[in-house]
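**Student:** Before I ask anything, let me first share the structure, which is written out below as structure tokens.
The values are calculated or read from the model by the stated rules, or taken from the named source; none is laboratory data. Here the structure is a predicted model, which is why all the values come from computation and not from measurement. FYI the Cβ positions are ideal-geometry reconstructions off the backbone, even for glycines, and counts take in every protein chain you see. Accessible surface is based on the protein model in full, side chains and every heavy atom, while ligands, DNA and RNA are left aside. Shrake-Rupley method; radii C 1.70, N 1.55, O 1.52, S 1.80 Å.
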Protein chains: 2
Amino acid sequence: MKRKVTLKQIARELDVSISTVSKALRNSIEISEDTRQKVKAFAKLYNYRPNNIALSLKNRKTKTIGVIIPEIVHHFFSNVIRGIEQVANNRGYNVIIGLSNESFSKEVINMEMLANGSIDGFILSISKETLLRQDYHHFNETINQGMPIVLFDRAVEEINCDKIIVDDVKGSKKAVEKLISNGCKNIGIITTKDYVSVGRLRTQGYIAALEDSKIHPKASLILKIDVELDSEDHLEDLENEIEQFFNNNKHIDGIFAVNELYAITAMKVARKKGIKMPDKLQIIGFTDGVLSKHATPSLTTVSQHAQKMGEKAADLLIDRLELDIDNEVEEEHYKTIVIETELIERESTK
Amino acid sequence: MKRKVTLKQIARELDVSISTVSKALRNSIEISEDTRQKVKAFAKLYNYRPNNIALSLKNRKTKTIGVIIPEIVHHFFSNVIRGIEQVANNRGYNVIIGLSNESFSKEVINMEMLANGSIDGFILSISKETLLRQDYHHFNETINQGMPIVLFDRAVEEINCDKIIVDDVKGSKKAVEKLISNGCKNIGIITTKDYVSVGRLRTQGYIAALEDSKIHPKASLILKIDVELDSEDHLEDLENEIEQFFNNNKHIDGIFAVNELYAITAMKVARKKGIKMPDKLQIIGFTDGVLSKHATPSLTTVSQHAQKMGEKAADLLIDRLELDIDNEVEEEHYKTIVIETELIERESTK
DNA sequence: TTTCAACACGAAAACGTTTTCGTAAATAAT
DNA sequence: ATTATTTACGAAAACGTTTTCGTGTTGAAA
């Protein structure tokens, strides 16, 4: 087992100084052609590679970005990661992942773990618990210490930084408009409680679409699910709640669900009740995941372009990191990029 | 914007040496109660946190593990990551992710990027292209340099290291036996080409189950799909191939598919052809993902306990890392842990 | 022969820690 | 009053790099 070789070892073997070795390898003109060749040959033979940690310490940057997401077993988030990873790698950066599990304290701990020099900047999506508490001090402190953050998808105004978001209102509005133009008269929405920003915004879009068409939104047609039912363990409770929703709204003929799980579960309940789709009931979901594509009938959905979000987020962060280097001015002009949604029509709508 | 404070700065402010500050913060008895308090108060005020990079350089370990997987937008892999992340975090380690995208060169590049000091050890699953080439030099070189590797799921004999695998043969055999005991007479398998080890092994299990029941395996009932059709872009080709398979085997009444996609697609084709499930056709898949759970009919499947695999892999790697420290002996006794599969029965079987 | 560049290289500092060792001052023992 | 022992701290090395600056040698110019 041959340990990794260092400059010092090469220097000793070749009876030159460390500086000479370093310079030779970096093709400095200070070094004679002769020794340069000699050093390079030796380095190649022993497969020398500069130690990243030492470089990070010296350069005071790690070429690594930290990503903290609420959940990884989730089509949307894993797609975002894929996007991040792709551009990060292309631009010479590594990606280090932390999972908050939708928990405030895990989010804080994870951030602290990474913020002490391990990374150059963060890309993250806020956990539900944090959103509920509205306690954003850890983000602002991190930013204050000079570590840039890019927020994606779940962002809030209280944090001053770059953001990549989806136009939830507009995307939802388009979806509901589609249902209206497809002839639906009683359109319901299955959404989250209001403190989850995406739920709130998508509900706004739903209401806006109805009002634009002079339809009065009915409270009974709005079902707000508690986040606790999101987990796979509470699938049955979710199902029961949605079934109740159907029972309370006998004439419902269109449903807009703010995420894939709600949409799929609604479809399952409808099927159980013998409601034909899309004839008697049309459904549109949000987030283009694997479930939507493979459901029966396949689900019409609002795609968020998750991978593109990841790519943009990484580009934005790296741009800022590399801008800070040259231009040490407080260029505190934060951007918010809105990714356009796209309505992907499948079999669950006419 | 206040930059991160260092020992040196604290030392200067308090007019003591760096050593004193360091010792005071670590509660050394060499330091008087008086100065200890003073230093701690100051450090707390300025929110001092030791720089991770400097610590890594000094300790020659990073407390970070590198994970390289072929694909992240995949229920199985993201579940493994979740498991890894959970135990890694509990044991004080970070997780850095690399994606090979099933490509040999990306796998090599990613490994090189991380192997130069950024991490203490690897957890990885081999890319399909690497498996096809059978070129494992990069793994063996990494191991030779003293960096431990834990392979999971897709492992090969040629690499000498710890492994976490699933008993593919046994799991598949159980699944096919289930089909047989459920009365299926013509059981087909949809699998991959043989160089994908999991496909090969699962096919072995299929054949073994048949032979145990004195059923002669028929070549026409074995469909080996090319990996290129796995991607979401070639969904139609895959569908066509499976449809052809049905046409060639009119009396097929049971299907074992080696992954979720093949199973779901087979179900879709069957539904299109008006074949009732599970009455006329029973299907079992491999890998317990979201698709299986939410399909109609929901899919009976062989669960691999992905998250547990991740947890075991992380434990195994960290155990080795922390054993190497005390016990510098070449304790080259590599383990292979087999995770038991579990047949989860749902609606696609009787 | 003296002066001056050009050349080729090495010493040392710096990044931020931890830790070993040395030592001045204060206290205790003789 | 002398010696021994604590006590409390600082200097320096080490981890592995890069880079600035200084310097001894050479060969050419004066």
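**Student:** Taking the Cα centroid of region B:190-227 and of region A:93-162, what is the distance between the two, rounded to the nearest whole Å?
**Tutor:** One Cα centre to the other: 47 Å.
**Student:** Another one. Return the average number of partner chain Cβ atoms within 10 angstrom of each residue Cβ along peptide A:50-60. Intermediate values should be presented prior to the final figure.
**Tutor:** Working: counts 2, 6, 11, 16, 5, 4, 8, 8, 2, 1, 2.
Going residue by residue through A:50-60 and averaging, the value is 6.
**Student:** Could you name the aspartates and glutamates whose alpha carbon sits less than 13 Å from that of B:Lys8, not counting residues in the same chain fewer than 8 places away?
**Tutor:** Straight-distance partners of B:Lys8: none at all.
**Student:** With only alpha-carbon atoms in the gyration tensor, what are the semi-axes of the equivalent ellipsoid for the protein assembly as shown, in Å, largest first? Walk me through the intermediate numbers first.
**Tutor:** Values: eigenvalues 454, 254, 92 Å².
For the protein assembly as shown, the semi-axes come out at 48, 36, 21 Å.
**Student:** Based on Cβ point charges of +1 for Lys and Arg and -1 for Asp and Glu, what charge dipole magnitude is obtained for region A:87-238 about its Cα centre, in debye rounded to the nearest 20?
**Tutor:** The dipole of region A:87-238 has a size of about 820 debye.
**Student:** On to the next question. When DSSP beta bridges are limited to those with both residues in the protein assembly as shown, what percentage is antiparallel, rounded to the nearest 5?
**Tutor:** Once the DSSP bridges in the protein assembly as shown are tallied, antiparallel ones form about 10 percent.
**Student:** Another one. Only Lys, Arg, Asp and Glu count, each charged at its Cβ (+1, +1, -1, -1), so figure out the dipole size of region A:7-50 about its Cα centre, rounded to 20 debye.
**Tutor:** Details: 9 positive and 5 negative charges, 49 e Å.
In total the dipole reaches around 240 debye.
**Student:** Sticking with this structure for a sec: Tell me which residues come under 5 Å, amide H to amide H, from B:Gly121 once H is placed; ignore anything under 5 positions away on its chain.
**Tutor:** Under 5 Å from the amide H of B:Gly121 lie the amide H atoms of B:Gly66, each far enough along the sequence or on another chain.
**Student:** What do the square roots of 5 times the Cα gyration tensor eigenvalues come to for region A:168-303, in whole Å, largest first, as semi-axes of the equivalent ellipsoid?
**Tutor:** Working: eigenvalues 75, 58, 45 Å².
Rounded to whole Å, the semi-axes are 19, 17, 15.
**Student:** Of B:Gly254, B:Ala208, B:Ser292, which is farthest along the charge dipole of chain B in the positive direction, counting Lys and Arg as +1 and Asp and Glu as -1 at C-beta?
**Tutor:** B:Ser292
**Student:** What is the antiparallel percent of DSSP beta bridges lying wholly in chain B, to the nearest 5? It would help to have the intermediate numbers written out before the result.
**Tutor:** Working: 3 of 37 bridges.
Given both bridge residues lie in chain B, the antiparallel proportion sits at roughly 10 percent.
**Student:** With respect to the cross-link table entries B:Lys193/B:Lys335; B:Lys163/B:Lys185; A:Lys178/A:Lys335; B:Lys4/B:Lys38; A:Lys63/A:Lys308, which display a Cα-Cα separation exceeding 26 Å?
**Tutor:** Values: B:Lys193/B:Lys335 28 Å; B:Lys163/B:Lys185 37 Å; A:Lys178/A:Lys335 31 Å; B:Lys4/B:Lys38 19 Å; A:Lys63/A:Lys308 21 Å.
Beyond 26 Å between Cα atoms: B:Lys193/B:Lys335; B:Lys163/B:Lys185; A:Lys178/A:Lys335.
**Student:** Going from most exposed to least, what order do B:Val338, B:Val108 have by accessible area with a 1.4 Å probe? Show your work: numbers first, answer last.
**Tutor:** On the way: B:Val338 70, B:Val108 25 Å².
Ranked list, largest accessible area first: B:Val338, B:Val108.
**Student:** For helix A:197-212, report the angle its Cα long axis makes with the longest principal axis of the Cα atoms of chain A; keep it between 0 and 90° and round to the nearest 10°.
**Tutor:** In chain A, helix A:197-212 runs at an angle near 40 degrees to the longest axis.
**Student:** Once you average over the residues of A:81-93, how many Cβ atoms of partner chains fall within 10 Å of each Cβ? Mind dumping the intermediate values first?
**Tutor:** Values: counts 6, 5, 0, 1, 6, 2, 0, 0, 7, 0, 0, 1, 1.
Mean shielding count: 2.
**Student:** Search the structure for amide H atoms under 5 Å from the amide H of B:Asp162, placed 1.01 Å from N in the peptide plane, and list their residues when 5 or more places away or on another chain.
**Tutor:** Here B:Ile149, B:Leu151, B:Lys335 satisfy the definition.
**Student:** When the solvent-accessible surface of protein heavy atoms is calculated with a 1.4 angstrom probe, in what order do A:Arg91, A:Arg133, A:Arg60 fall, highest first?
**Tutor:** Working: A:Arg91 75, A:Arg133 130, A:Arg60 210 Å².
Reading off the accessible areas and sorting them downward yields A:Arg60, A:Arg133, A:Arg91.
**Student:** What gaps in nm, shortest first, separate B:Arg91 from its twins in the other copies when you place the label 7 Å past Cα toward the beta carbon?
**Tutor:** Result for B:Arg91, in nm, nearest copy first: 3.4.
**Student:** Taking chain A as the reference, fit the longest principal axis to its C-alpha atoms, fit the long axis of helix A:33-45 to the helix C-alpha atoms, and give the angle between the two in degrees, 0 to 90, nearest 10.
**Tutor:** Computed tilt is about 50 degrees.
**Student:** Which percent of Cα-Cα pairs in region A:55-196 sits in each 10 Å bin, short to long?
**Tutor:** 10, 36, 30, 15, 6, 2, 0
**Student:** Quick check: with the 1.4 Å probe, what order do B:Glu71, A:Glu232 take by accessible area, largest first? Each step should come with its number before you reach the end.
**Tutor:** Details: B:Glu71 35, A:Glu232 75 Å².
Ranking B:Glu71, A:Glu232 by accessible area, largest first, yields A:Glu232, B:Glu71.
**Student:** Percentage of Cα-Cα pair distances in chain A greater than 26 Å, rounded to whole percent? Present the calculation step by step, with values, prior to reporting the outcome.
**Tutor:** Details: 35168 of 61075 pairs.
Cα-Cα pairs in chain A separated by more than 26 Å: 58 percent.
**Student:** Straight-line reach from A:Lys170: which aspartates and glutamates fall under 13 Å, measuring Cα to Cα and dropping same-chain residues less than 8 apart?
**Tutor:** Correct list for A:Lys170: A:Asp212, A:Glu340, A:Glu342.
**Student:** I'd like to check one number: the per residue accessible area of region A:232-305, probe 1.4 Å, reported in Å² as a whole number.
**Tutor:** Details: 2730 Å² over 74 residues.
Value for region A:232-305: 37 Å² per residue.
**Student:** Taking chain B as the reference, fit the longest principal axis to its C-alpha atoms, fit the long axis of helix B:235-248 to the helix C-alpha atoms, and give the angle between the two in degrees, 0 to 90, nearest 10.
**Tutor:** Relative to chain B, helix B:235-248 is tipped by roughly 30 degrees.
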